Amino acid sequence: RARPDLVRQVISKIKSDGILETYRAAMGRLESPVPLGYSCAGEVVAVGSGIPDIQPGHRVACFGSGQAGHAEMVSMPPTLCTSVPDNVTYEEAALAGVGAIALHSIRMSEPVLGDRVAVIGLGLLGQIAVQLLKASGCEVMGVDLQDDKIQMALSLGANEVANGSETGAALDMVDRFTQGTGADSVMIFASTSGSEPIELASAMARNNGRIVAPGMVGLDLPRRFFYEKQ
């Protein structure tokens, strides 16, 4: 229920490879140890030579897949660390790298004051993006498959929300919220192998609108929408 995208992947593999092979692949994944996390914060205990800006005792936030794991001790290159101000907690600082992804994605959409922006996928990145867009003076519409995430986006400032499992409801929301013109930009933070998010984004965007897709989604682009809306 929490990951319908993974359920679709399993069903697709069953259709192509059969139940037995799908079961073996799933069990193999579950039995393999996987390092957890890619974003953390803590106190420096030692540094290598030639690193003048970081010293033992400094508070730092770290980011990087395969490096900034959820562990008691990590070894990090200095380029993936940044100092943490005294008034920022470690819990807040651990979100620095994830926040940077959301911030960079928003910058790529080039929002201006008053833009109406749709955010598809209201997980961690999507929730941060909602807040950053609101702080930038944008009106924000949120779309997700899970009602609890939809309600969280509302509590964090989203102006309108819709359940993405009902495509018509999401398009009606955009049509109503933009007086029929479409969203100035659409940001996709969903995670699925399917192309449903990019298809929905292209339908939601206005003519000459912008679509930014940092999420891991299928990119089988619907030519009609992209061609007609330029």
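The values are calculated or read from the model by the stated rules, or taken from the named source; none is laboratory data. Since this is a predicted model, take the numbers as computed values, not measurements. Cβ atoms come from the backbone with ideal geometry, glycine included; neighbour counts cover every protein chain shown. Only protein heavy atoms, including side chains, enter the accessible area calculation; ligands, DNA and RNA are left aside. Shrake-Rupley method; radii C 1.70, N 1.55, O 1.52, S 1.80 Å.
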Which value in nm describes the separation of the simple spin-label points at Arg224 and Ser65, placed 7 Å from the Cα toward the beta carbon? 3.4 nm
Volume per residue of the C-alpha convex hull in segment 106-156, rounded to whole Å³: 62 Å³
With the contact rule set at Cα under 8 Å and sequence spacing of 6 or more, what percent relative contact order holds for the chain? 14 percent
Work out from phi, with θ = phi - 60° and the Karplus expression 6.51 cos²θ - 1.76 cosθ + 1.60, the ³J(HN,Hα) of each residue of segment 93-100, listed in order in whole Hz, and give x for Gly and Pro. 5, 5, 8, 4, x, 5, x, 5
7 Å from Cα along Cα→Cβ at both Asp148 and Asn208: what's the point-to-point distance in nm? 4.3 nm
A student applying the Cα gyration tensor rule (rounded when a/c is under 1.5; otherwise prolate if a/b is larger than b/c, oblate if not) would label segment 15-139 oblate
In the Gaussian network model of the chain, springs joining C-alpha atoms below 10 Å, which of Gln146, Gln67, Gln179 carries the largest mean-square fluctuation? Gln179
Amide proton proximity set for Gly142, modelled H, under 5 Å, gap of 5+: Val119, Glu160, Val161, Ala162
3J(HN,Hα) from dihedral phi, segment 62-67, Karplus parametrisation 6.51/-1.76/1.60, rounded to Hz, x for glycine, proline: 10, 8, x, 4, x, 10
Using the Karplus curve 6.51 cos²θ - 1.76 cosθ + 1.60 with θ = phi - 60°, work out ³J(HN,Hα) for each residue of segment 84-89 in order, rounded to whole Hz, and write x for Gly and Pro. 10, x, 4, 8, 10, 6
Under 13 Å between alpha carbons, and skipping anything fewer than 8 positions from Lys13 in its own chain: which aspartates and glutamates qualify? Asp5, Glu21
Which residues qualify? For Arg210, with a placed amide H closer than 5 Å and at least 5 residues away or on another chain, they are Ser185, Val186
Answer label for log10 I(q)/I(0) by the Debye sum over Cα atoms at q = 0.07, 0.08, 0.17 Å⁻¹ (calculated), chosen among [x] -0.29, -0.38, -1.18; [y] -0.19, -0.25, -1.29; [z] -0.23, -0.31, -1.38: [x]
What distance in nm lies between label points placed 7 Å from Cα along the C-beta direction at Leu20 and Ser165? 3.4 nm
Taking 8 Å as the Cα distance limit and 6 or more residues as the minimum spacing, I'd like the relative contact order of segment 63-173 as a percentage. 17 percent
Against the longest alpha carbon principal axis of the chain, how many degrees, from 0 to 90 and to the nearest 10, is the axis of helix 124-135 turned? 80 degrees
Calculate, axis by axis, the spread of Cα positions in segment 1-67 along the three principal axes, and write the results as whole Å, longest axis first. 57, 22, 16
Heavy-atom accessible area of the chain with neighbours in place, 1.4 angstrom probe: carbon+sulfur share in percent works out to 55 percent
At 1.4 Å probe size, with every protein chain present, just tell me what the per residue accessible area of segment 65-215 comes to in Å². 49 Å²
Between segment 59-74 and segment 77-139, the alpha-carbon center distance in angstrom: 19 Å
